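This report refers to the structure that appears directly beneath it.
The values are calculated or read from the model by the stated rules, or taken from the named source; none is laboratory data. Given the structure is predicted, the values throughout are model-derived calculations rather than measurements. Glycine gets a Cβ as well: all are built from the backbone with ideal geometry, and neighbour counts include every protein chain shown. All accessible areas refer to the heavy atoms of the entire protein, side chains included, with ligands and DNA or RNA removed. Shrake-Rupley method; radii C 1.70, N 1.55, O 1.52, S 1.80 Å.
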Amino acid sequence: MSKLILCMVLILCLACSGDETNYVEISENKILDFPQPDFFPQPVYNLEENPPTEKGFELGKKLFYDGKLSSTGVISCGFCHVQEFSFTHHTHEVSHGVDGALGTRNAQPLMNLAYLEEFSWDGAAQHLDAFSIIPITTDTEMNETVSNVINKLKSDEVYNELFAEAFNNGEVNTQNMFRALSQFMVMMVSADTKYDKVLEGNSVFSEEESAGQSLFEAKCASCHEGILFTDQSYRNNGLSIDLRYNDIGRERVTGLEEDKYKFKVPTLRNIMVSLPYMHDGRFQSLKEVLDHYDSGVESTQNLDPSLQQEISLGISLTEIEKNQLISFLKTLTDDNFLLDRRFSEF
Amino acid sequence: MKKIICLVLVLMLSVSCKDDDTLETTSIDISFANTINSQNIELSTGVYQTTLGESYSINELKYIISNISFIKEDGGIFTYPVEDSYFLIDEEVPSSKIITLENIPVANYSKIKFGIGVDQSNYPLNGVDNFVPTAEESQMLWSWSAGYIFFKIEGDYSPSGNQPDEGFLFHIGSHGTNLDNYKTVELSSNFGFNFTENTLVYINADIPKLFNAVYDIRIEDKSDIQVDPVNAPKIAENASQLFSSIPQNKR
């Protein structure tokens with residue numbers, strides 16, 4: 001008797017479970033462990049909303065290295081963002097895209113993107129998932145439309161399969177494409193440098209590096225702050241105005257005169273390999289960068305107050321100090337990241 | 001005894017399985033009319049006056065509608081699924097001006113609420129990114145900022161009220177966190193939106209209010225308003241005042 005009741009209750013439960021059971025978890029698509037380094041802040045990117053998965057990452061990587069995302073079929077994200085140079089467009093002052101068209105800015109390194117609040121040199125994009133609209137549709141980059149890209153992907157069997165595996169709704173659509181690209185990009189965490197090892201107590205700085213670190217903390221860390229080497233603010237560090245581009249920087253986004261010529265304080269991780277430097281790639285070496293801070297700072301509109309504290313503009317540095325700073329900056333290179341096969345095209 | 005238990009259980013089964021979607025629902029149409037002096041707009045050819053004495057013509061008029069919800073007398077709210085709630089109204093494309101919403105619970109609503117533009121606090125959730133191709137095809141996307149243009153009007157004007165011959169354009173959207181021009185509109189009506197009787201909602205946008213609803217806009221002062229922390233919020237505020245709902249029998 002009681003068995004019968006039990007049985008019926010069971011049937012009852014089964015019969016009433018609605019949609020929830022129609023939702024089949026794709027069991028092979030494992031959620032990847034986000035490699036959160038000990039000393040890093042919490043990610044800004046919402047990893048619960050779009051958790052990187054094995055298949056999503058794989059799809060994102062394929063998209064990242066696929067020229068299909070451009071009008072000419074040959075310019076991929078990876079064309080301008082080359083891994084061994086910390087995902088920058090090595091040796092190109094300003095990036096060039098389809099048919100050699102020249103942009104106006106230097107490609108930014110891609111790493112630790114999960115920790116950024118805004119994207120691009122002026123913070124034009126507020127979310128990584130929407131960022132790809134910019135390179136895909138910019139005429140000097142991929143010169144394509146998002147709709148076209150989606151159509152190309154829809155007519156490709158391999159992509160149909162990958163989208164189906166990577167996302168519960170399986171659709172080839174804009175949101176899923178952007179999310180896959182983000183899954184690939186947020187996993188690019190770089191925190192395995194000599195600097196990090198010293199923090200962890202697993203390595204020690206040489207005397208020269210130590211001296212460089214002290215200098216850095218005294219003279220640079222107010223802007224290149226903390227473990228990410230940027231406070232993510234927008235500032236004018238006194239570069240002369242290049243009339244070819246007349247790039248107004250942050251003002252483009254806010255429309256505010258007080259933001260003219262301000263650019264995002266860039267991270268300095270992997271700085272040795274991400275030359276050339278500055279938003280327009282005007283400096284070819286760290287020596288040139290330090291010469292700029294020492295003697296090249298110009299009094300342009302909105303020059304940061306911290307570069308007007310000394311008798312002359314900028315940050316005075318002796319040649320010895322410059323060498324010490326460079327030695328320190330060299331400890332910010334993460335070879336394991338630059339060679340990590342998970343992110344490489346082949 | 002067994003039979004009775006069986007009966008009771010079967011009864012329970014049928015009762016307990018009844019869930020919300022057995023509520024009666026309907027699909028409804030919302031029809032947007034952009035008018036000037038109660039007349040349809042004559043794109044390019046029509047010449048109109050602002051209250052400040054300028055004349056203007058309109059070549060292009062587009063805006064994004066989003067986040068639609070219906071509110072009942074007792075305060076109960078039905079929110080249309082956000083990911084399906086993005087629509088582009090383009091004066092030039094008649095079909096774009098009638099939007100169809102599915103599965104609205106049948107009830108007598110007293111208010112309708114919607115957004116003009118895209119709520120940035122939603123980035124990137126709720127299908128916002130899936131609206132990109134539509135917005136892109138209608139040039140309602142700022143590709144340099146990966147952001148939507150919420151409200152767009154382009155045309156010609158004449159400061160002295162003569163034949164318009166100088167271009168003007170207003171492209172209003174949000175930029176960064178400090179320039180958020182997303183607006184919501186709430187329309188109430190004494191006749192209500194009673195979807196048991198009819199399933200058509202008429203909304204009128206009285207376009208001249210764009211130049212004077214809250215802020216007086218002299219086109220000559222700034223004929224190109226885009227990323228503009230002073231003027232763009234004024235246009236956005238005025239734009240949020242354009243709309244009214246009109247009873248069906250007045251059409």
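Only one residue in B:237, B:197 is among the charged types (D, E, K, R) and surrounded by fewer than 14 Cβ atoms within 10 Å (Cβ to Cβ). Which one? Give the steps one after another, and end with the answer.
Numbers: B:237 fails: surrounded by fewer than 14 Cβ atoms within 10 Å (Cβ to Cβ).
After ruling out the rest, the residue left standing is B:197.
Hey, among the residues in the stretch B:119-163 that are assigned to a loop (DSSP other than H, G, I, E, B) and in contact with a Ser or Thr (Cβ under 6 Å, 6 or more places away or on another chain), which one's nearest to residue A:119 (Cα to Cα)? Break it down stepwise before answering.
Applying the first criterion (assigned to a loop (DSSP other than H, G, I, E, B)) to the stretch B:119-163 yields B:119, B:123-127, B:138-140, B:143-146, B:159-163.
Next, only the ones that are in contact with a Ser or Thr (Cβ under 6 Å, 6 or more places away or on another chain) stay: B:143, B:161.
Details: B:143: 14, B:161: 44 Å.
So the residue we want is B:143.
Taking the stretch A:143-186 as the search range and keeping residues that are over 28 Å from residue A:34 (Cβ atoms) and either open to solvent by less than 50 Å² (accessible area, probe 1.4 Å) or in contact with a His (Cβ under 9 Å, 6 or more places away or on another chain) (or both), which one is farthest from the other protein chains (Cβ to nearest Cβ)? Break it down into steps so the answer makes sense when it comes.
Kept after step one, since they are over 28 Å from residue A:34 (Cβ atoms), are these residues of the stretch A:143-186: A:143-145, A:147-148, A:151-152, A:154-157.
Subset that is either open to solvent by less than 50 Å² (accessible area, probe 1.4 Å) or in contact with a His (Cβ under 9 Å, 6 or more places away or on another chain) (or both): A:144, A:147, A:156.
Details: A:144: 10, A:147: 4, A:156: 17 Å.
Checked the stretch A:143-186; the qualifying residue farthest from the other protein chains (Cβ to nearest Cβ) is A:156.
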Yes/no for residue A:166 being within 17 Å of residue A:77 (Cβ to Cβ) and touching a residue at least 24 places away in the same chain (Cβ under 8 Å): no
Selection within the stretch B:149-161 - farther than 30 Å from residue B:119 by Cα and open to solvent by less than 20 Å² (accessible area, probe 1.4 Å): B:157, B:158
Qualifying positions in the stretch B:124-150 - closer than 15 Å to residue B:175 by Cβ and within 11 Å of chain A (Cβ to nearest Cβ): B:141, B:142, B:143, B:144, B:145, B:146, B:147, B:148
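Residue by residue, here is whether (1) within 14 Å of another protein chain (Cβ to nearest Cβ); (2) modelled with pLDDT of 95 or more; (3) open to solvent by 100 Å² or more (accessible area, probe 1.4 Å) holds:
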{"site": "B:2", "(1), (2), (3)": "yes, no, yes"}
{"site": "B:6", "(1), (2), (3)": "yes, no, no"}
{"site": "B:9", "(1), (2), (3)": "yes, no, no"}
{"site": "B:26", "(1), (2), (3)": "no, no, no"}
{"site": "B:46", "(1), (2), (3)": "no, yes, no"}
{"site": "B:49", "(1), (2), (3)": "no, yes, yes"}
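Considering only residues that are open to solvent by less than 10 Å² (accessible area, probe 1.4 Å) and either closer than 13 Å to residue B:207 by Cα or in contact with a Gly (Cβ under 6 Å, 6 or more places away or on another chain) (or both), which ones fall in the stretch B:55-65?
Step one: of the stretch B:55-65, the residues open to solvent by less than 10 Å² (accessible area, probe 1.4 Å) are B:55-58, B:61, B:63-65.
Result: B:55, B:56, B:57, B:58, B:61, B:63, B:64.
Please go through the stretch A:113-142 and give me each residue that is part of a loop (DSSP other than H, G, I, E, B) and open to solvent by less than 20 Å² (accessible area, probe 1.4 Å), ordered by number. Break it down stepwise before answering.
Restricting attention to the stretch A:113-142, the residues satisfying the condition of being part of a loop (DSSP other than H, G, I, E, B) are A:116-118, A:120-124, A:126-127, A:132, A:138-142.
Answer for the stretch A:113-142, where residues must be part of a loop (DSSP other than H, G, I, E, B) and open to solvent by less than 20 Å² (accessible area, probe 1.4 Å): A:120, A:122, A:123, A:124, A:132, A:142.
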Among residues of the stretch A:192-209, those that are open to solvent by 20 Å² or more (accessible area, probe 1.4 Å) and either within 28 Å of residue A:137 (Cβ to Cβ) or in contact (Cβ under 8 Å) with a residue 12 or more places away in the chain (or both), counted: 10
Any hit, the stretch A:337-346, residues being in contact (Cβ under 8 Å) with a residue 24 or more places away in the chain, more than 30 Å from residue A:53 (Cβ to Cβ) and among the hydroxyl-bearing types (Ser, Thr, Tyr): no
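For every residue, the table says whether it meets (1) open to solvent by less than 40 Å² (accessible area, probe 1.4 Å); (2) outside any loop (DSSP other than H, G, I, E, B); (3) modelled with pLDDT under 80; (4) within 28 Å of residue A:135 (Cα to Cα).
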| site | (1), (2), (3), (4) |
| --- | --- |
| A:3 | no, yes, yes, no |
| A:27 | no, no, yes, no |
| A:46 | no, no, no, yes |
| A:75 | yes, no, no, yes |
| A:106 | yes, no, no, yes |
| A:111 | yes, no, no, yes |
Checklist (1) part of a helix (DSSP H, G or I); (2) exposed (fewer than 14 other Cβ atoms within 10 Å of the Cβ) applied to residue A:215, failing item: (2)
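Picking from B:222, B:209, which residue would you name as being open to solvent by 50 Å² or more (accessible area, probe 1.4 Å), within 14 Å of chain A (Cβ to nearest Cβ) and at pLDDT 95 or above? Don't jump to the end; show me each part of the working.
Details: B:209 fails: within 14 Å of chain A (Cβ to nearest Cβ).
Going through B:222, B:209 in turn, just one is open to solvent by 50 Å² or more (accessible area, probe 1.4 Å), within 14 Å of chain A (Cβ to nearest Cβ) and at pLDDT 95 or above: B:222.
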Restricting the stretch B:162-191 to residues that are at pLDDT 95 or above, open to solvent by less than 40 Å² (accessible area, probe 1.4 Å) and more than 14 Å from every other protein chain (Cβ to nearest Cβ), the residue that is nearest to residue B:211 (Cα to Cα): B:168
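Quick one: which of A:62, A:55 is open to solvent by 70 Å² or more (accessible area, probe 1.4 Å), more than 14 Å from chain B (Cβ to nearest Cβ) and at pLDDT 95 or above? Give the steps one after another, and end with the answer.
On the way: A:55 fails: open to solvent by 70 Å² or more (accessible area, probe 1.4 Å).
The match here is A:62.
So, residue A:68, is that one under 19 Å from residue B:129 (Cβ atoms) and open to solvent by 40 Å² or more (accessible area, probe 1.4 Å) or not?
Numbers: under 19 Å from residue B:129 (Cβ atoms): yes; open to solvent by 40 Å² or more (accessible area, probe 1.4 Å): yes.
In short, yes.
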Within the stretch A:233-346, helices (runs of 4 or more DSSP H) holding 3 or more residues that are more than 20 Å from residue A:108 (Cβ to Cβ) and open to solvent by 70 Å² or more (accessible area, probe 1.4 Å): A:319-330
Conditions (1) small (Gly, Ala, Ser); (2) crowded, with 18+ Cβ neighbours inside 10 Å; (3) within 14 Å of another protein chain (Cβ to nearest Cβ): number failed by residue B:121: (2)
